[in-house]
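These notes concern the structure reproduced below.
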Amino acid sequence: MRLEARAHPGWRDALRAGVLALVAVMALAAGLVAVAGAPVGRTFGLVLDGAFGSVFAFTETLTRAIPLIFTGLAATIAFRARLFNIGAEGQFYAGAIAAVAVGGGALGEPSPAVFLAMMLAAAVVGALLLLGSALMKRQWGVDEVVTTLLLNFIVLLGVSALLDGPMKDPLALGWPQSVALPPELELSRLVPQTRVHSGLLIGLAAALGLWALLRFTTWGFDIRATGANVRAAAYAGVPVTRTTILVALLSGGLAGLGGAVEVAGRAGYVTLDMSPGYGYSGIVIAMLAGLHPLAVVAASVLVAGVLVGADSMSRQAGVPTYLADAVVAGALLSVLAAAMLSRYRLRFDTR
Amino acid sequence: MNAVLDLLVSVPFWVAVLRVATPLVFGTLGVLWCERAGVLNLGIEGLMVAGAFSGWFAVYLGLPLWAGVLVAAGVAALFGVLHAFLTVTLALSQHVAGLGITMLATALSYFAYRVAFPKVSTPPTVTPFAPMDWLPIPVLREQTPLTLLALVLVPLLAWVLYRTPAGLALRMAGENPKAVDSQGISVARVRYAAVVSGSALMGVAGAFLTLAAFNAFFFNMVNGRGWVCVALVVFAGWQPGKALLGALLFGFFDALQLRLQQADAGALPHQVYLMLPYVLSIVALVVASRRARAPQALMKPYIAGER
Amino acid sequence: MRGITRRFGDVVANDGVSLDLHAGEVLALLGENGAGKSTLMAILFGHCVPDAGSVEVSGRPLPSGDTRAALAAGIGMVHQHFTLADNLTVLDNVMLGTERLGSLVTRRAAARARLDEVARASGLSVNADARVADLSVGERQRVEILKALYRGARVLVLDEPTAVLTPQESDGLFATVRLLVAQGTAVIFISHKLDEVMAVSHRVMVLRAGRCVAEAATAATNKAELARWMVGEAVAGLDTAPLPCSPVPPGAPRRLVVTDLVARGTRTRLDRVSFDIAAGEILGIAGVSGNGQALLAEVLAGVAEADAGHVTVDGEPLPEGPRAVARHGVARVPEDRQSVGVVGDLPVWENLCAEALAAPVLSRWGWVRRGAARAYAQAALRAFDVRGATLDRRTHALSGGNIQKLVLARVLQRADGQLPRVIVAHQPTWGLDVGAVAFVHGLLRSARDAGAAVLLVSDDLDEIERLADRIAVMSHGRLGTARATASWTREQLGLAMAGEASEVPHAA
């Protein structure tokens, strides 16, 4: 079995590969549902219904998509520059706790300035975390994949310590959660009686901004060149170190900002389970979006739909929600394989 | 100070050290085996979960303990085949493929667990491996046979790696796959074999958690130990002997942090102590990376016939 | 080998090629890049399956696509790019694949003894326990040859073996070849260097565009005829008489001055290198690759740092960093155009603007002036006749020759409209076909005539002799004195390249 480049890859090959990926994912999902003993068709229907079946369902999907947009963008900008940021989960939590620390009364009365400071603090904290890993890579050649991963656990423990101690909400009856943000600093609802909040607009703005940065600016060129071929980029005069630092700041900042937006838009306080793996899902979303910032929005809504739909379905049909995680992971691998198979063919001979 | 010295000579402490180190030995050897052949296997975190679940579940269903270990190895090996297909045949990014497999394996394991036990809040237990009372050696006799297996595997794998033709081919595949190809040996076959067998070891690491260290499967059981193994491989300079050393060192500090936590109750939040192993892993990684001599073809896919 | 045919997509790499080889003879396989030599040998060695044709060794048919069968039949290949693992020892590298993979024991002592025996028989000495990373290039090639001989090769294929050797080391290789041939080994010698082909082979076979166009006994032909077969038309000036260079006017200002440059690379170094180039002059730096030329080019390109010494351009010190160097009027043509010259995944227009993107002409406050940039790119593409390039095409889709034209367009027709003051060209025509080579040489000459100082670093002595006004030789990090091209003989160049300088030039 080996790969052989197709002579003239065309849209037909891409389409065929895409269909193959879709079929594979569907088969996986159907198989899992069958193992759980539920009727396949009805279960799929419940998932779709729970995700997009009503206006309320759709707003739920959008609400779930908001943090995914941020972590997806964070992964996108990082991976574009070949900086493998797997630490978005930790940066997310760090941003959330920083936002609550700043907005929870440290800077006095709530005001637009405090709100801005809150968001900025969250971005800065997330950025610094990733910068640490990036500098370790630059200085000592330490692979950032492992350091960012390990930092996730360290950050989570740190947040847990803060929630048990200095930032604990005294009114929460022993449940570890942080002090709450004053309601003035929370993000307003976009649609009344639903949970979707104006963080969505911030996310959309971030996606647009990132797209414009990559496509129209010199820094965007620097980032893309560094990620595509760092030696050639350096030769052409791209300031590689400065670019990598910029990318680390942007990526970590976006993830941290995502945490702040999530806190301000949803509960208003930080808990240890506020992120069911948004950081890791962000990586999947980035790859599904082909590392394109605008496509990240679409991919986020799609993945959020799967997650929300599975939650809703699970309440009714009893199939565990981990179905969604498995499907998302399977989709990642299928899409990657399909992308490769659209440009190469599998030959089953010796040479 | 006296307390620390007392600790260092107490048998229960070293028993704990070995117990923490054992899954790391299996896991690190597994990652090492794959990386020596040129393939980074970031699926380890997920494969440990899958091994933990499948091994435990097999025993829960009535199979003997060693059969459970084999099941764990087998399930992980299947994921290994998938990883090898994605990275060796399809030449996809080894980072992303590995992370995808971790996510998939973890999700599938949790899914299967919830399907099998939809309503339990306390995980059902099995009878784990019994300590080896029949052994006259002090610290070892409190360990399970899996620890003995881990200790035996280290020199065994070292011998295969350095003293057999297959081991030479494996090392070559990780250094210069073109050399392997030009001697008529299929690079793909060598790498597939390495990834599948390395993955099996990772599965056994997971099985240790549910069949020896604890007696049940619960969520977040692996808790980053897989990533620690990846860091330990760099620390070990890709050598089996040093991998054992690294695992023991990590076990030492982990057991130490637990004792310190218990002794020092109240002064520092317990989370700080729990952080220690991860921080140490990063430190070990930094220290080792400065003088690391990685296999030269690590993470470079080889497409046969390409000149 | 009979009637070998092999296609890759639309390209016919081999078209009905037949080859006969007898014991104790050296057959030279000659051809330009892309003529089909490598494919033919890949088929012989089992790396590639022919679409048609057959191979027989000693009367027995050889199964295609089976490297192990080829090895067992006694075919040994010494690749151009060594297939050795740096981190392992010589013995490890030699032993790979010689014992059954399923075997539980490895016989190192016996292998070592056999290796010593083979080494003695072929006159090649080597330390079995040395780490390959510590060996010199010549020693590594010896290991490659020993690998083949250890496995009992009766047919030895040498693929461009002298590309990395000094003329003296090449002589050593030829001596080894003659020794082996006397023992009955058959050798296929792949090369595009006509001198070597005439010196060492008994028969010659010329491939062009996948077909065998000529076969002759070496004694019955000459270089001009070989060149004609290789290229298909009469090639002027092949007797290496240098083209008449326009003499540099005595008062011409010295544009590039390098004084006592000291630098250290991973395996090479620069040891107080000094030279200067006047406006309107081409200085050629000759030498076997690996003696510091690449490091010199990198320092001048701003990609490597010097530890000591001065470099001035028109009297001003050269700034640090590639971007500043480029802005200072230095046109840099890197050795590896595919992986260092351009970023393959990016579109053509972005690669053309790459160096100058920060300049006010192409951007403002970080916002790229797409219209202006694309217009500049289009004009440059047209002026330099870059084929197959539309502005948005992925750059790696272009052929090697067109990528080189793109790189030259970028540095010679600058976005800010200035002419380059200094040109640093490192192997500018490596791997290009004859037409592209002529084009590039023409560009360098006209840039020189427009007043630029050109530094030409090349492995190809023919190229240096044809283009340069003065030649200096680099060896072991030291640069010899630069002398007018006409005053060098090939022998002097060879000696200088090996580090044995002859002080007094023979009367020109």
Can you go through B:62, B:43 and tell me which one is farther than 26 Å from residue A:153 by Cα and either modelled with pLDDT under 95 or among the small types (Gly, Ala, Ser) (or both)?
B:62
Of C:97, C:24, which residue is in a loop (DSSP other than H, G, I, E, B), surrounded by 20 or more Cβ atoms within 10 Å (Cβ to Cβ) and over 28 Å from the mean Cα position of the chain (by Cα)?
C:97
Which residue pairs have Cβ atoms closer than 7 Å, lie 6 or more positions apart in sequence or on different chains, and pair a first residue in the stretch C:63-84 that is within 9 Å of another protein chain (Cβ to nearest Cβ) and under 17 Å from residue C:98 (Cα atoms) with a second residue that is among the basic types (Lys, Arg) and in a loop (DSSP other than H, G, I, E, B)?
C:71/C:151
So which residues in the stretch C:468-504 are at pLDDT below 80 and part of a helix (DSSP H, G or I)?
C:490, C:491, C:492, C:493, C:494, C:495, C:496, C:497, C:498
Picking from A:28, A:20, A:62, which residue would you name as being part of a helix (DSSP H, G or I), touching a Gly at 6+ places or on another chain (Cβ under 6 Å), away from chain C (no Cβ under 14 Å) and over 30 Å from residue A:161 (Cβ atoms)?
A:28
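Results for (1) surrounded by fewer than 21 Cβ atoms within 10 Å (Cβ to Cβ); (2) in a strand (DSSP E or B); (3) of a type outside the set (A, V, I, L, M, F, W, C); (4) at pLDDT 85 or above, shown as yes or no for each residue.
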| position | (1), (2), (3), (4) |
| --- | --- |
| C:84 | no, no, no, yes |
| C:91 | yes, no, no, yes |
| C:106 | yes, no, yes, no |
| C:175 | yes, no, no, yes |
Failed criterion for residue A:194 (all others in (1) polar (S, T, N, Q); (2) part of a loop (DSSP other than H, G, I, E, B); (3) within 22 Å of the chain's Cα centre (by Cα) hold):
(3)
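Residues are listed down the side, and each one gets a yes or a no for (1) at the interface with chain B (Cβ under 8 Å from one of its Cβ atoms); (2) within 21 Å of residue A:280 (Cβ to Cβ); (3) in contact (Cβ under 8 Å) with a residue 24 or more places away in the chain:
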{"site": "A:303", "(1), (2), (3)": "no, yes, yes"}
{"site": "A:309", "(1), (2), (3)": "no, yes, yes"}
{"site": "A:314", "(1), (2), (3)": "no, yes, no"}
{"site": "A:318", "(1), (2), (3)": "yes, no, yes"}
{"site": "A:325", "(1), (2), (3)": "yes, yes, yes"}
{"site": "A:333", "(1), (2), (3)": "yes, yes, no"}
{"site": "A:346", "(1), (2), (3)": "yes, no, yes"}
For the condition surrounded by fewer than 20 Cβ atoms within 10 Å (Cβ to Cβ) and not in a helix (DSSP H, G or I), what is the one hit in C:372, C:359?
C:359
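Pick from C:59, C:123: which is modelled with pLDDT under 85, touching a helix residue (DSSP H, G or I) at 6+ places or on another chain (Cβ under 7 Å) and more than 10 Å from every other protein chain (Cβ to nearest Cβ)? Write out each step before concluding.
Values: C:59 fails: touching a helix residue (DSSP H, G or I) at 6+ places or on another chain (Cβ under 7 Å).
After applying the criteria, what remains is C:123.
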Where a residue in the stretch A:273-298 is more than 10 Å from chain B (Cβ to nearest Cβ) and its partner, wherever it lies, is of a type in the set (Asp, Glu), with Cβ under 8 Å and at least six apart:
A:274/A:262; A:275/A:89; A:275/A:262; A:278/A:89; A:278/A:262; A:279/A:89
All but one of (1) facing chain A (nearest Cβ under 10 Å); (2) over 26 Å from residue A:281 (Cα atoms); (3) not aromatic (Phe, Trp, Tyr) hold for residue B:142; state the number of the condition that does not hold.
(1)
Cβ-Cβ under 8 Å, sequence separation 6+ or interchain: first residue in the stretch C:412-426 and surrounded by fewer than 20 Cβ atoms within 10 Å (Cβ to Cβ), partner in a loop (DSSP other than H, G, I, E, B) and acidic (Asp, Glu). Which pairs?
C:421/C:314
Matching helices (runs of 4 or more DSSP H) fully within the stretch B:170-277 where at least 1 residues are more than 14 Å from chain C (Cβ to nearest Cβ) and either of a type in the set (Gly, Ala, Ser) or more than 30 Å from residue B:64 (Cα to Cα) (or both):
B:187-208, B:225-235, B:240-263
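Yes or no, residue by residue, for (1) more than 14 Å from every other protein chain (Cβ to nearest Cβ); (2) of a type in the set (A, V, I, L, M, F, W, C); (3) surrounded by fewer than 17 Cβ atoms within 10 Å (Cβ to Cβ); (4) touching a Pro at 6+ places or on another chain (Cβ under 9 Å):
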| residue | (1), (2), (3), (4) |
| --- | --- |
| A:37 | no, no, yes, no |
| A:43 | no, no, no, no |
| A:52 | yes, yes, yes, no |
| A:66 | yes, yes, no, no |
| A:92 | yes, yes, no, yes |
| A:115 | yes, yes, no, no |
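One line per residue, one yes/no per condition, for (1) within 14 Å of another protein chain (Cβ to nearest Cβ); (2) in contact with a Phe, Trp or Tyr (Cβ under 8 Å, 6 or more places away or on another chain):
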| residue | (1), (2) |
| --- | --- |
| B:9 | no, no |
| B:33 | no, no |
| B:37 | yes, no |
| B:46 | yes, yes |
| B:86 | yes, no |
| B:94 | yes, no |
| B:113 | yes, yes |
| B:117 | yes, no |
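Quick one: in the stretch C:413-433, of everything that is aliphatic (A, V, I, L, M) and at pLDDT below 90, which residue is farthest from the chain's Cα centre (by Cα)? It would help to see each step written out before you state the result.
Within the stretch C:413-433, the first condition is being aliphatic (A, V, I, L, M), and the residues that meet it are C:415, C:419, C:422-425, C:432.
With the extra rule that they be at pLDDT below 90, the set shrinks to C:415, C:419, C:432.
Numbers: C:415: 30, C:419: 29, C:432: 10 Å.
Only one residue tops the list, namely C:415.
Residue under question is residue B:129, and the condition is that it be away from every other protein chain (no Cβ under 14 Å), surrounded by 19 or more Cβ atoms within 10 Å (Cβ to Cβ) and at pLDDT below 90; does it hold?
Working: away from every other protein chain (no Cβ under 14 Å): yes; surrounded by 19 or more Cβ atoms within 10 Å (Cβ to Cβ): yes; at pLDDT below 90: yes.
Taking the combined requirement at face value, the residue satisfies it.
Here is a check on your reading of the model: is residue C:144 in contact (Cβ under 8 Å) with a residue 12 or more places away in the chain, within 22 Å of residue B:186 (Cβ to Cβ) and surrounded by 17 or more Cβ atoms within 10 Å (Cβ to Cβ)?
Details: in contact (Cβ under 8 Å) with a residue 12 or more places away in the chain: yes; within 22 Å of residue B:186 (Cβ to Cβ): yes; surrounded by 17 or more Cβ atoms within 10 Å (Cβ to Cβ): yes.
Yes; evaluated as a whole, the condition is true for this residue.
Farther than 30 Å from residue A:264 by Cα, of a type in the set (Val, Ile, Thr) and free of Cβ contacts under 8 Å to residues at least 60 places away in the same chain: which single residue out of A:19, A:33, A:25 fits that description?
On the way: A:33 fails: free of Cβ contacts under 8 Å to residues at least 60 places away in the same chain; A:25 fails: free of Cβ contacts under 8 Å to residues at least 60 places away in the same chain.
Matching residue, one of A:19, A:33, A:25: A:19.
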Would you confirm, using the coordinates I've provided, whether residue C:45 is within 14 Å of another protein chain (Cβ to nearest Cβ), closer than 22 Å to residue A:347 by Cβ and surrounded by 19 or more Cβ atoms within 10 Å (Cβ to Cβ)?
yes
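The values are calculated or read from the model by the stated rules, or taken from the named source; none is laboratory data. In this text the structure is predicted, and so the values were computed from the model without any measurement. Cβ: placed from backbone, ideal geometry, glycine included. Neighbour counts: every protein chain shown.
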